[in-house]
1. Would you pick out the residues in the stretch 152-194 that are in contact with a strand residue (DSSP E or B) (Cβ under 6 Å, 6 or more places away or on another chain), surrounded by fewer than 14 Cβ atoms within 10 Å (Cβ to Cβ) and in contact (Cβ under 8 Å) with a residue 12 or more places away in the chain?
2. Read through the list (1) touching a Phe, Trp or Tyr at 6+ places or on another chain (Cβ under 8 Å); (2) at negative phi, then give the number of the only condition that Gly63 fails.
3. List pairs: first in the stretch 246-259 and free of Cβ contacts under 8 Å to residues at least 12 places away in the same chain and closer than 11 Å to Ala231 by Cα, second among the acidic types (Asp, Glu) and open to solvent by less than 100 Å² (accessible area, probe 1.4 Å), Cβ under 8 Å, 6+ apart or cross-chain?
4. How many residues does the stretch 125-139 hold that are touching a Leu at 6+ places or on another chain (Cβ under 9 Å) and open to solvent by less than 40 Å² (accessible area, probe 1.4 Å)?
5. Which one of these is open to solvent by less than 30 Å² (accessible area, probe 1.4 Å), outside any loop (DSSP other than H, G, I, E, B) and not polar (S, T, N, Q): Val261, Val197?
6. Going residue by residue through the stretch 195-204, is there one that turns out to be free of Cβ contacts under 8 Å to residues at least 60 places away in the same chain, in contact with an Asp or Glu (Cβ under 7 Å, 6 or more places away or on another chain) and more than 29 Å from Ala56 (Cα to Cα)?
7. Given the conditions (1) in a helix (DSSP H, G or I); (2) of a type outside the set (Gly, Ala, Ser); (3) at pLDDT 95 or above; (4) more than 23 Å from Val74 (Cβ to Cβ), and given that Phe133 satisfies all but one, which numbered condition is not satisfied?
8. Looking only at the stretch 200-234, which residues are loosely packed, with under 12 Cβ neighbours inside 10 Å, assigned to a loop (DSSP other than H, G, I, E, B) and over 28 Å from the mean Cα position of the chain (by Cα)?
Amino acid sequence: MAAIITLTSDFGTRDAFAASMKGVILKINPQAQIIDISHEIAPQDIWEAAFTLQSACTHFPRGTVHLVVVDPGVGSGRRPIIVVTESYFFVGPDNGIFTLVYEKAERLRVHHITAAHYFLPNPGSTFHGRDIFAPVAAWLAKGIPSGNFGEEITDYTKLNIPAPKVTANSIEGHIVHIDRFGNMITNFTYNTIQMLVEGGGDITNAVISIAGKEIKGLKKYYAEAAPGEPAALVNSSGSVEIFVFKQSAKALLSSRRGESVRFTVPR
């Protein structure tokens, strides 16, 4: 089976950035199967890249190499790294972009990439995605052991991600992602709200408070909600999501990422 390499970046598709990385990979590893996760990450938005990567990466076969380039510190002292988990390899900058990978991994190694003979000749200071990360991902997918690229490190960078606060009858969290439909994903999950149920709460009469609005209960699917009214459900990733059927919850509620959300159940 051909090795799979996924790409996630903020490069878009207008310029030659993403295509250049693919060309470098295929020169080194013509058998590689390259899959785009997304090139539409907002420019320099490390958290959006981290969230998007984690949402998709576990659906790929074991051994997949996930290459991620959202790199505002390119050319600076930030380190290029390889992350090795029990199932996957990750290649990219040490800027916190793999924070969610670190949190969910059962086994973890992180290597500082220093073996320059795996880079393109004379790498520049503005496009490490092409000159460093793409060739490293290609060689990694060809079976070069991760330890050959550099020493293992333990002081890798993590983003500070606030966890939801759970009390006796409520959860206080916030919006962590807004998708292209304007649906707003919170940082609490079905497992989080189950804590309230175990404490005697009635989830069927839950109230979700956001932007001065109160949403009653949880729907099972989008079309169950009345048009034009904000509603909530547990989405296919297990997160509580606020939506408006056939409309944008972001626009209707004038909300953005980081907006506070409170989930309350009656006693």
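The values are calculated or read from the model by the stated rules, or taken from the named source; none is laboratory data. The model shown is predicted, which means the values in this text are computed figures rather than measured ones. When we count neighbours, we look across all protein chains shown, and the Cβ atoms used for this are built from the backbone with ideal geometry, even at glycine. What goes into the accessible areas is simple: the full protein's heavy atoms, side chains included, and nothing from ligands, DNA or RNA. Shrake-Rupley method; radii C 1.70, N 1.55, O 1.52, S 1.80 Å.
1. Selection gives Glu152, Ile153.
2. Of everything listed in (1) touching a Phe, Trp or Tyr at 6+ places or on another chain (Cβ under 8 Å); (2) at negative phi, Gly63 misses just condition (2).
3. As it stands, the answer is none, since no pair meets every condition given.
4. 9
5. Criteria check complete, one pass: Val261.
6. no
7. (4)
8. Listed by number, the residues that qualify are Gly200, Gly212, Ala226, Pro227, Gly228.
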